[in-house]
Amino acid sequence: MTKTDKKRDKQLRDLLTEMCDGRCKAITGFCWLTHKIDWKSPQKSLTLTLVFATDDELETFLASETRITLEDELVRALKTIGLSPINKAKQLAYDSEQQCQIHHRGNWAKRLK
């Protein structure tokens, strides 16, 4: 990873931490979010995964207006650091701690590969 890529990655992590701490923590069941990106092709490779505690909490969020609002906020925030446009259907993923426990015994590194 080049120096520029490291700076951009830090900028992205800071932005996502701010979103997580500020906006997402108010969402019932939300636990954390993570990202994957290849800085050689950031627009196409960026994937954000939002993790909820249970499947029920995730399903409630997915069916809510809060989902649309949060997705729009994420897109706007990513634009501020030059990552746009993103394809919400392909680049925003949702998961639950419950499913990770069932399928990967809580091993998120393995689950997110």
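The values are calculated or read from the model by the stated rules, or taken from the named source; none is laboratory data. Please read these numbers as outputs of a predicted model, since none were measured by experiment. Quick reminder, even Gly has a Cβ in these numbers, built from the backbone with ideal geometry, and neighbours come from all protein chains shown.
Are any residues in the range 29-43 in contact (Cβ under 8 Å) with a residue 12 or more places away in the chain and surrounded by fewer than 13 Cβ atoms within 10 Å (Cβ to Cβ), and if so, which ones? Residues satisfying the conditions do not exist here. The lone criterion from (1) under 17 Å from residue 86 (Cα atoms); (2) at pLDDT 95 or above left unmet by residue 59 is number (1). When restricted to residues that are touching a Phe, Trp or Tyr at 6+ places or on another chain (Cβ under 8 Å) and among the β-branched types (Val, Ile, Thr), the range 35-81 contains 2. Could you tell me whether the range 47-54 includes any residue that is β-branched (Val, Ile, Thr), in contact with a Cys (Cβ under 7 Å, 6 or more places away or on another chain) and closer than 15 Å to residue 94 by Cβ? Yes, the conditions are met somewhere in the range 47-54.
Looking across the range 56-95 at every residue that is small (Gly, Ala, Ser) and under 28 Å from residue 11 (Cβ atoms), the one that is surrounded by the fewest Cβ atoms within 10 Å (Cβ to Cβ) is identified as 89. Give the residues of the range 70-86 that are over 18 Å from residue 31 (Cα atoms) and either hydrophobic (A, V, I, L, M, F, W, C) or more than 13 Å from the chain's Cα centre (by Cα) (or both), sorted by residue number. Across the range 70-86, the qualifying residues are 75, 76, 77, 78, 79, 80, 81, 82, 83, 84, 85, 86.
For the range 80-110, the set of residues classified as closer than 19 Å to residue 20 by Cα, modelled with pLDDT under 95 and charged (D, E, K, R) consists of 88 only. Among the numbered criteria (1) within 30 Å of residue 3 (Cβ to Cβ); (2) within 14 Å of the chain's Cα centre (by Cα), which single criterion is violated by residue 95? Residue 95 satisfies every listed condition except (1).
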